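Undergrad: Mind having a look at this structure? Questions to follow.
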Amino acid sequence: MRPVRILLVDDHEAVRRSIAALLRIHPDYQICGEACDAREAIEKAKRLLPHVVLLDISLPDMSGLEVLPQLRAHAPSCRILIVSQHDALHVRAEARARGAEEFVSKASLGSDLLPAIQSAVSESGEKPGRDERHEGRVCP
Amino acid sequence: MATLVHRQLDPPGADKRTKESPAKVQDLLGELASRFFSSQPLERIENARWATNLANWVHARQPEPELMYRALVEQIPAVVFVAYLDEGMSQAYVSPQIEAALGFSPGEWLKDPILWYQQLHPEDKGRWSVEAAQMFLTGKPLTSAYRVLSRQGRVVWFQCDAKMIRHSDGSPWFILGVGFDITELKQTEQALHERTETLRSLSTRLLELQDQERRRIARELHDGVGQCLVALKLNFEMYEQQPREELWAESKGLLEQCLTDIRNLSYLLHPPLLDEAGLLLALKAYVDGFSKRSAIEAELSLPEVLPELPKGVEIAIFRVLQESLTNVIRHAHSKRVRIVLDCHPTTIGLTVEDFGRGIQPEVLQTLRTSGARPGIGLTGMQERVSELGGSFSITSGVDGTEVAVTLPLPTASPLGSNLIAIDAGRQKRR
């Protein structure tokens, strides 16, 4: 089975690096691209057709919650996981209402991220991507 | 004494006229004067007492009544008027004070029966009509302030106290009124109102600035330190499962970033060295850090000593420097910056000059004319300096930008007393 292709959307480079490091040790998952703002996220979701998008809420050009329906429109089959430092109690329901499959708090990424991705993927069934290469981000 | 009655005070019909005694008219004058003066400053109250005393004196001696009453009404600091009500409303008498107040002689005033209404301020005519109608219907005295235009068009405020006098059969006879020039009082009121509005606006602005500052700090915490700690925690959790050298190195870098962010945040809240070591060392330390972080060469010129400065002045100078250097990093594209702090016996001045691309003329113009926006930092600087009574200027061209600030110093802190010196990087009080 080909690895699950993941698009990582977060404006903080250190967070992206750490999540990438976490996913790299699991051969089932592959970072196919990174984006640091909503515009780049939409563009890469359209082009790379990832299986999973890990989407931060606090993006510089648009809220992750606002961009979520657009991502869903451009890549309808992808699973979207909100990854945020905001309080899950308040954001989880809103994220789900806007079409996110899961919400993962940044405070518990180490324990919750992999199970959440696994859960999201298993619900949909693995879908092949268009290309297997990792694509870095274009914005600074 | 000149005779200034231009029309007969008495109305046609002597039988009606004789029913109103001079004493009653005198009492009315006294009542009107007292009612008005009771809410006036002391000087005017004294005038009211004088008028009452004069009236009493007149009444006790029973001299020529008309002359005495004229003496009374022509001496009080107000315009006295009488207007008939039985043929519309036409003025029968106006005291000579009208000329000093409005520039019209009593003769002119009485000759034209509608002149008084023409000179009434257009915005007050409607109110006058309502209030006068109430007086006619209810018989209650009219007490109100109106604006009247002088011959030259100047707006004169009159506090008008008028009472309707009836014939013995109850029909309206005439109005007896006193108009006090309260223009000065109104101008003071207006100035006070404007001052209050300015203070309210400033207060709102300060709250807005405070809110913006809090947002900025919250954003710094959430996006800076918070995200670093998220990554750090994740790295530690991965390291626990699988110790790897790159995770360790990455985490050390993140810790460094956290320390830098916290230090910057601390500077945003309050420059730490300012309290502990004084302005000179705080400026020097900040400029050193700025140069290291930005790789922009900074030339810093400080006086050897400073008098003990008010805290507000110290913080204002530090904030102006901080905002100016932040703008240099963000916008100027300058490779070097020159900072000069000059202290004189009565003023202290700071100049921050860069050699970058300058501020766009339209942005600079907006800033100069409205003092608002293009960068909340600049607006904040201006307001802070203005509040301390200082001056603030920005000069910009294609070869760079100069921010200059001068703040007044209390004269009680001359150079030479309570001096603070900086020597080889250490600052101490002498």
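Undergrad: If you count, for every residue in B:221-229, the Cβ atoms of partner chains within 10 Å of its Cβ, what is the mean? Each step should come with its number before you reach the end.
TA: Numbers: counts 0, 3, 5, 1, 0, 6, 12, 3, 4.
The mean count of partner-chain Cβ atoms within 10 Å per residue comes to 4.
Undergrad: Roughly speaking, to the nearest percent, how much of the range B:184-269's 1.4 Å accessible area is carbon and sulfur?
TA: Numbers: 3340 of 5920 Å².
Here carbon and sulfur together make up 56 percent of the probe-accessible area.
Undergrad: Ranked highest first by average number of other Cβ atoms within 10 Å, how do A:93-99, B:283-289, B:355-361, B:226-232 line up? Walk me through the numbers before you get to the answer.
TA: Numbers: A:93-99: 15.0, B:283-289: 18.6, B:355-361: 17.0, B:226-232: 23.1.
Top to bottom by mean Cβ count within 10 Å: B:226-232, B:283-289, B:355-361, A:93-99.
Undergrad: Counting only other chains, and only Cβ atoms inside 10 Å, what mean value do you get across the residues of A:54-61?
TA: Across the residues of A:54-61, the mean count of other-chain Cβ atoms within 10 Å is 1.
Undergrad: Just want the answer: with Cβ charges of +1 for Lys and Arg and -1 for Asp and Glu, which residue in A:105, A:86, A:69 is farthest toward the dipole's positive end in the range A:4-124?
TA: Of the options given, the answer is A:69.
Undergrad: Ranked from highest to lowest mean number of other Cβ atoms within 10 Å per residue, what is the order of the peptides A:27-34, B:254-261, B:203-210?
TA: Working: A:27-34: 19.8, B:254-261: 16.2, B:203-210: 11.8.
Ranking the peptides A:27-34, B:254-261, B:203-210 by packing returns A:27-34, B:254-261, B:203-210.
Undergrad: Please list B:160-168, B:113-121 highest first by mean number of surrounding beta-carbon atoms within 10 Å per residue.
TA: Order by mean packing, descending: B:160-168, B:113-121.
Undergrad: Taking every residue in B:251-261, how many Cβ atoms of other protein chains lie within 10 Å of its Cβ, on average?
TA: Working: counts 2, 0, 2, 4, 0, 0, 1, 1, 0, 0, 0.
Partner-chain Cβ atoms within 10 Å, mean over residues of B:251-261: 1.
Undergrad: Kirkwood Rh over alpha-carbon pairs of the range B:184-269, then Stokes-Einstein at 10 °C and 1.306 mPa s: what D in µm² s⁻¹, rounded to an integer?
TA: Working: Rh = 16.6 Å.
Reported coefficient: 96 µm²/s.
Undergrad: Moving to a separate point now. Please report the buried accessible area for the interface of A with B, total over both chains, probe 1.4 Å, in Å² to the nearest 100.
TA: Heavy-atom accessible area buried at this interface is about 1500 Å².
Undergrad: Can you tell me the accessible area per residue over chain A, all protein chains present, probe 1.4 angstrom, in square angstrom?
TA: Details: 6030 Å² over 140 residues.
Counting only protein heavy atoms, the per-residue value for chain A is 43 Å².
Undergrad: Roughly to the nearest percent, how much of the accessible area of the range A:4-124 is carbon and sulfur, given a 1.4 Å probe? Let's see the in-between values first.
TA: Working: 2340 of 4490 Å².
Carbon and sulfur atoms account for 52 percent of the accessible area of the range A:4-124.
Undergrad: Which ³J(HN,Hα) values, rounded to whole Hz and listed in residue order, are derived for the range B:75-85 from phi using the Karplus coefficients 6.51, -1.76 and 1.60 in 6.51 cos²θ - 1.76 cosθ + 1.60 with θ = phi - 60°, glycine and proline given as x?
TA: Listing the rounded values in order: 9, 5, x, 7, 9, 9, 9, 10, 9, 6, 10 Hz.
Undergrad: Okay, next question. Give me the residues in the range A:76-119 whose solvent-accessible area, probe 1.4 Å, is reduced by at least 30 Å² once all protein chains are included instead of the chain isolated.
TA: Checking the loss per residue gives A:85, A:106, A:107, A:110.
Undergrad: Name the residues of the range A:14-39 whose accessible area, probed at 1.4 Å, falls by at least 20 Å² once all protein chains are in place instead of their chain on its own?
TA: Correct list: A:14, A:15, A:17, A:18, A:21, A:22, A:25.
Undergrad: What distance in nm separates the simple spin-label points at residue B:129 and residue B:386, each placed 7 Å from Cα in the Cβ direction?
TA: 4.3 nm
Undergrad: Can you tell me the accessible area per residue over the range B:139-204, all protein chains present, probe 1.4 angstrom, in square angstrom?
TA: Values: 3560 Å² over 66 residues.
Accessible area per residue, the range B:139-204: 54 Å².
The values are calculated or read from the model by the stated rules, or taken from the named source; none is laboratory data. None of these values were measured; they are calculated from a predicted model. Here the Cβ is made from the backbone with ideal geometry for all residues, glycine too, and neighbour counts use every protein chain on show. Side chains included, ligands, DNA and RNA excluded: accessible areas come from the protein's heavy atoms. Shrake-Rupley method; radii C 1.70, N 1.55, O 1.52, S 1.80 Å.
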